Amino acid sequence: MSPAHIENWPVTVINGAPSPEILQEIQAVIDAAEDADGNPPFSEQTLVELKSREAGPHSVLVLLTYAPEDASPTVGEDLAGVAVVVLNGDEGVLEIVVHPAYRNDGVGAVLADKLVEVRGLQGIKAWSHGDHEAAADLAASYGYRAIRELWRMRLVRQAPSDLESREAAVYEVPDGVSLRTFVPHQDEGAWLAANAAAFAHHPEQGQLTLADLQARMAEPWFDPAGFFLAVNDRDEILGFHWTKVHPGRAGQEAMGEVYVVGVTPAAQGMGLGRTLTRQGLDHLQDAGLRAIMLYVDADNEAAVALYRKLGFTKWDSDVMYGPVSA
């Protein structure tokens with residue numbers, strides 16, 4: 001099939017959340033891409049927004065293109081590509097996924113061109129999960145450049161004794177500080193306040209709302225037993241480590257995640273980040289998970305150094321693109 005052929009494919013525009021039927025089709029493309037690439041093509045927040053009951057034209061814009069029956073001898077009338085823009089006022093974050101059966105033929109450009117037509121690119125930034133060369137080329141064709149790099153780091157434990165030599169130092173906690181797990185219907189408000197303080201300058205994590213938290217708590221992977229809090233003698237949250245488990249898929253074993261680790265400004269310098277990180281790692285490893293991954297901004301030197309000391313190495317990266325003038 002030729003690029004000229006693909007340029008004639010119609011693009012469906014949905015202002016707001018898609019129907020459950022279309023959402024199921026989108027999820028099938030996401031799953032196919034993740035199986036092919038080894039990493040998810042959409043961020044978790046995008047998936048939350050797509051499924052949110054509060055989603056509307058103010059928060060989500062979805063573009064879909066379907067391959068006609070004559071586009072492939074084996075695949076017909078399939079959803080070939082999806083573009084989603086999560087909106088926040090005049091700004092937005094774009095993510096595009098193309099089904100592996102329809103790659104390298106300009107499907108992403110068709111979707112991007114339609115976005116330019118129906119909304120424009122003003123205030124739009126875009127993620128490439130996995131830093132694909134095709135995404136970099138597409139971004140450059142619209143005058144975008146890399147403006148942020150998010151690393152995925154991974155720890156693979158070969159034997160139970162890999163990290164035991166550091167255990168004693170890791171579990172030291174200051175006087176008046178104790179560790180406990182998150183209690184649903186009790187700790188939401190206090191945790192949101194601690195999270196906002198710990199990530200005041202973070203473009204995504206620091207903006208988490210109660211609805212965002214509740215959406216994650218409603219997911220099958222949520223387990224309060226893997227959500228650790230460091231609290232003072234007044235039970236005020238000083239830091240936290242929320243872990244996550246990704247089920248095995250397509251020949252890949254289940255994997256743990258250091259989902260988010262944060263320490264409030266008032267508790268900085270107490271060593272709680274390291275303590276909480278190790279607590280979560282032990283929890284995941286005790287659950288039988290050999291591999292553990294995490295996301296960290298490439299320019300966060302302190303966090304990268306901590307994770308390297310704990311045995312993590314760079315796995316791959318996600319890149320955010322923005323206008324050259326940004």
- G16 long-range amide H proximity, modeled H, under 5 Å: V60, L61, V62
- Got the relative contact order for the range 3-142 handy, in percent, Cα pairs under 8 Å and 6 or more residues apart? 26
- Would you please give the residues with an amide H less than 5 Å from that of T243, counting only those at least 5 places away or on a separate chain, with H modeled from the backbone geometry? F227, F228, Y259
- Item | Karplus (6.51, -1.76, 1.60) ³J(HN,Hα), θ = phi - 60°, over the range 130-145, in Hz, Gly and Pro reported as x | x, 6, 6, 4, 4, 5, 5, 5, 5, 4, 4, 5, 9, x, 9, 9
- Task: Report ³J(HN,Hα) in whole Hz for each residue of the range 56-62, in order, from the Karplus equation J = 6.51 cos²θ - 1.76 cosθ + 1.60 where θ = phi - 60°; Gly and Pro get x.
- Result: x, x, 6, 10, 9, 10, 10
- Item | Cα-based reach from K309 at 26 Å (exclusive), listing lysines while leaving out same-chain residues under 8 positions away | K244
- Note on the structure: Computed ³J(HN,Hα) along the range 303-309: with the Karplus parameters 6.51/-1.76/1.60, θ = phi - 60°, integer Hz and x for glycine or proline, the list is 5, 4, 4, 4, 5, 5, 5
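For S178, S128, S325, which order do you get if you count the other beta carbons within 10 Å of each Cβ and list the fewest first?
Numbers: S178 13, S128 21, S325 6.
In order of increasing Cβ crowding within 10 Å: S325, S178, S128.
With both bridge residues required to lie in the range 152-316, what share of the DSSP beta bridges run antiparallel, to the nearest 5%? Intermediate values should be presented prior to the final figure.
Numbers: 26 of 29 bridges.
Antiparallel: roughly 90 percent of the beta bridges in the range 152-316.
Do you know the relative contact order of the range 152-316, to the nearest whole percent, from alpha carbon pairs under 8 angstrom that are 6+ apart? If you can, show how the numbers build up before the last one.
Numbers: 249 pairs, mean separation 51.1, N = 165.
Value for the range 152-316: 31 percent.
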- Message: How big is the range 108-150 along each principal axis, measuring the range of its Cα positions in Å and listing the largest first?
- Response: 29, 20, 16
- Partner lysines for K114 [C-alpha distance under 27 Å; skip if fewer than 8 residues away on the same chain]: K51, K125
- Put in order of increasing Cβ neighbours within 10 Å, starting from the fewest, K244, K51, K309 give K309, K51, K244
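Of H58, H202, H241, H129, how do they rank once you tally other Cβ atoms within 10 Å and put the fewest first? Mind showing how you got there, number by number?
Details: H58 12, H202 16, H241 26, H129 23.
Ascending Cβ contact count within 10 Å gives the list H58, H202, H129, H241.
Need one number: % antiparallel among DSSP beta bridges in the chain, to the nearest 5. Working shown, then result.
Values: 59 of 65 bridges.
The antiparallel fraction comes to roughly 90 percent.
Please state, as a whole number in µm²/s, the translational diffusion coefficient that the Stokes-Einstein equation yields for the chain at 25 °C and 0.890 mPa s, with Rh defined as the Kirkwood radius across alpha carbon pairs. Mind dumping the intermediate values first?
Numbers: Rh = 21.3 Å.
Taking Rh from Cα pairs, D becomes 115 µm²/s.
Return a whole-number percent for the relative contact order of the chain, with Cα pairs under 8 Å and 6 or more residues apart as the contact set.
Numbers: 559 pairs, mean separation 63.5, N = 326.
Relative contact order, the chain: 19 percent.
Read the figures in this text as sums done on the coordinates, not as results from a lab. Since the model is a prediction, treat every value here as computed from it, not as a measurement. FYI the Cβ positions are ideal-geometry reconstructions off the backbone, even for glycines, and counts take in every protein chain you see.
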